[in-house]
1. Sort 561-569, 281-289 for me by packing, meaning the mean count of neighbouring Cβ atoms within 10 Å per residue, highest on top.
2. Using the charge dipole of the chain (Lys, Arg: +1 at Cβ; Asp, Glu: -1 at Cβ; taken about the Cα centre), state which of MET115, LEU25, GLY355 has its Cα farthest towards the positive end.
3. So if each residue of separation counts as 0.36 nm, and I subtract the Cα-Cα distance between PHE485 and LEU49, what length gain in nm does that give?
4. Give a residue-ordered list of calculated ³J(HN,Hα) values for region 351-360 (Karplus: 6.51 cos²θ - 1.76 cosθ + 1.60, θ = phi - 60°; whole Hz; x for Gly, Pro).
5. Ordered by packing density, taken as the mean number of other Cβ atoms within 10 Å over each peptide's residues, highest first, how do 147-159, 223-235 rank?
6. For TYR513, list long-range residues whose amide hydrogen, built 1.01 Å from N in the peptide plane, is under 5 Å from its own amide hydrogen.
7. Helix 38-50: angle to the longest alpha-carbon principal axis of the chain, degrees 0 to 90, nearest 10?
8. With a Förster radius of 25 Å, plug the Cβ-Cβ distance of ASP89 and LEU25 into 1/(1 + (r/R0)^6) and report the FRET value to the nearest 0.05.
Amino acid sequence: MLKRILLLVVLIATCTGTISAQERLVNKANAQYEDYSFSPAIDIYKRVLDKGYVSADLLKRLGNSYYFNADYQEASETYARLVDEYTADVGAEYYFRYAQTLRTLGEYEKSNAIMSKFTSLTSNDVRATVYEEEKDYLAAISKNSGRYTMGPFEYNSKYADFAPSFYKEGLIFSSDRDTGNLARYRHTWNSKDFLDLYKINADSSSINDVDKLSKVVNTRLHESTSAFSKDGNTLYFTRNNFQEGKVKKDKDGVIRLKIFKTSLVDGEWTLPRGLPFNSDDYSVAHPALSPDEKTLYFASDMPGTQGLSDIYKVSINEDGTYGTPENLGKTINTEARETFPYVTSNEILYFSSEGHPGLGGLDVFATKIKDQTYNASVLNVGEPVNSKQDDFTFIFNEENREGYFASNRKGGMGRDDIYSFVELKPLQFECLQQITGTVRDKISNEVLVGATIKVIDENNEEILSTITDADGTYQLEINCDQGNFVRAQIQGYTPSEEYLVKSDGKPRIMDFYLERETVTAGFGDDLAKLLQLSTIYFDLDKANIRPDAEIEIQKVIAAMEKYPSLKVKVNSHTDSRARDAYNLALSQRRAESTVAYMISKGIAADRLEKEGFGESKLINECDNNTKCSEEKHQLNRRSEFIIFE
């Protein structure tokens, strides 16, 4: 499959010395390996192993040869032998590939154990960071699964069929089904025929039939992954570095991939021209257009790539020239393969990756790129699109919710097959967290109706807001894939703000207690009334501070802490029961008890005065000559907080 051509293979030098027959065979296999001729290299390595010759270097190259040809069963067995027999010689990358092969076999528990070893051997590796953050990735994939119904693609063959793209009323796709090529034109990567572009239902000549695209486009080397303009008159496609009948190779003798462009003029495709940022030294492949056709996305291993291949973008200028290619960054790209981009009309980027946690091999992932920002969550689209094998070249029409992708999963007709699908339920991209709470006056604890709650992102941009209801409560949902500031404010109060870090989305209660900007009070005013405190009550014949009274006194203390110049006199009162002298003494004890409590909480004694008034200042008719209920008598057992300075 063409996707493997994008890989950069680390070549390991062999030791010199006395050359045995086995070593000569190994050198021959290594030469094939270095030329990306993995299929013949595998044959030779296996012959050497059968003769009992083995080394860490041989197992690494043999495992990689299987891995790059998507023979994950054989690759897994080879890597297993490598890590068991040559632990000291195994680098982190081989643990990662071994873990990947185990996923394709459904051995997730063992794969996770190997990934843990991989993370212990790496530093600043995106794959390790993502794995540590998403260890429960299978649960996340399961959550996104079941949103598609899959259907057949009647034009598959027993060969490789993949890379569908929308064109007119039909499709263009890539296939190596043409068996008429001579063996000398077969690619030694996998010993298969080279790929060409085919069309179905795209014009009158291809209705219900599969025809090759123009000979101007197809050559004797690879053509694959295509992207069309909306009017169907411009075609971008991937081809080996072959132009004007000549093949060009890099310094290592490798024919790289390039993106070519052709236009439809008078019903014929013009001679394709390579894009200016192509190179003989690296691959540029798999084009995809943005909805406005002003940006071209592609995959490459050009300098600056952090993995085997990364996703890039480049601006398409009005005059037909191009800007400078830009890497989409570490949220999307990892140290492994990211490839096959596709952008929908709603600016959702779909791509295939083996670096983000998946089910095995290449999985299809999605991320929002609205306004060309590339730091949103990357989500695995789940089963049945993704499987234990390679799943790639995903395309999707958001209007009719239909699309296609390719896979080498079991049960297909050929090595790679195209599958159709219908999306039943959109992918939930954002992590949504429910935030609820109440906004209150910090001193009086009174609920604040109509307070504004704002959510502000880390760029200081307001993204949503709400107001508190008649109960002073609010409710909102925020994006928990990013940090947010939640701010409460209302006229006459100092705003309060709290920062919420990126989270797992669990509901959060966030109450706000706002401080008044000013408090207007003067000599003789009752602070309890200004703060709208509940009355400070005492039990019958008691002077101790009740729990409910303690709450209210704390509010007075808060006010005195906020306003250091404030001085208060505590006036305590009793009901009319018992003798007058006794009640006077009891009220004095209550005043003293209240002041003592406030001093114990840090209020200076010189800011407090106290006086007991007994039953001399009743607030209702319950005097010595009137029979009253307990509730009415309690109204007289109270304390006041009178401002005297």
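1. Values: 561-569: 14.4, 281-289: 23.8.
Ranking, from highest mean packing down: 281-289, 561-569.
2. Farthest along the dipole direction, towards plus: LEU25.
3. Working: separation 436, 0.36 × 436 = 156.96 nm, distance 6.13 nm.
Here the answer is 150.8 nm.
4. Each residue of region 351-360 in turn: 7, 9, 8, 10, x, 7, x, x, 8, x Hz.
5. Details: 147-159: 15.8, 223-235: 20.1.
Per-residue mean Cβ counts within 10 Å order the peptides as 223-235, 147-159.
6. ARG440
7. The answer is roughly 90 degrees.
8. After rounding to 0.05, the efficiency reads 0.75.
The values are calculated or read from the model by the stated rules, or taken from the named source; none is laboratory data. Model, not experiment: these values are computed from the prediction. Counting neighbours? That spans all protein chains shown, and the Cβs are built from the backbone with ideal geometry, glycine included. All accessible areas refer to the heavy atoms of the entire protein, side chains included, with ligands and DNA or RNA removed. Shrake-Rupley method; radii C 1.70, N 1.55, O 1.52, S 1.80 Å.
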